[in-house]
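Presented below is the structure to which this report refers.
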Amino acid sequence: MLGIPRLTRIAIGTGVAGALISGAMWLQQELTATHEATSYRAVFYDAGGLRAGADVIERGAIIGEVSSVELSNGNALVVFSVDGDAHLGATTSALIRPETPSAPTTMELHSRGAGTLEPGETIPLERTTSFSPSSGALRSVRDRPGL
């Protein structure tokens, strides 16, 4: 190079290389950053084949995972977590989407309402819909006898 001393060219090259490496490291961190998950619960009439490890879906995207499914007062209590970036409205509802030949059983959330579903809060039976494998039908609390 004409007119630029060799030491200056080395310094410029080192600076450019350092900036590129720093930028690449920052981009990798942003792309792979894990945001802390938030736990919630939902009460279902029937768990319909839902198991721990099942995907939690909102608007077609996987946003979390089922942590556990337990029996509680004759209903299924599902504990699940969602990614820290996900926003769930105060009146969010949940649906257990049954297994098909091409997809496993999942839990689908429908974020609704002003405000936010607080961490640890429970989606009540009134806002959940289950799939009952024995009847092959979707059931909600409105379908329960005696209610």
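The values are calculated or read from the model by the stated rules, or taken from the named source; none is laboratory data. Remember, it's a predicted structure, so these values are computed and weren't measured experimentally. Note: ideal-geometry Cβ built from the backbone for every residue, glycine included; neighbour counts use all protein chains shown.
The conditions are (1) closer than 18 Å to residue 124 by Cα; (2) modelled with pLDDT under 95; (3) in contact with a strand residue (DSSP E or B) (Cβ under 7 Å, 6 or more places away or on another chain), and residue 77 fails exactly one of them. Which is it?
(2)
So residue 87 fits all but one of (1) in a loop (DSSP other than H, G, I, E, B); (2) under 18 Å from residue 37 (Cα atoms); (3) without any contact (Cβ under 8 Å) to a residue 24 or more places away in the chain; what number is the exception?
(3)
Would you confirm whether any residue within region 94-107 is closer than 22 Å to residue 125 by Cα and free of Cβ contacts under 8 Å to residues at least 12 places away in the same chain?
No: zero hits.
Scan region 50-65 and report the pairs whose first residue is in a strand (DSSP E or B) and whose second residue is exposed (fewer than 12 other Cβ atoms within 10 Å of the Cβ), with Cβ atoms within less than 9 Å and a gap of 6+ or a chain change.
From region 50-65, the pairs are 63/85; 65/53.
Mind telling me which of the residues 30, 65 ends up being at pLDDT 75 or above and acidic (Asp, Glu)?
Criteria check complete, one pass: 65.
Of the conditions (1) modelled with pLDDT of 90 or more; (2) surrounded by 10 or more Cβ atoms within 10 Å (Cβ to Cβ), residue 71 satisfies every one except a single condition; which number is it?
Only one criterion is unmet by residue 71, namely (2).
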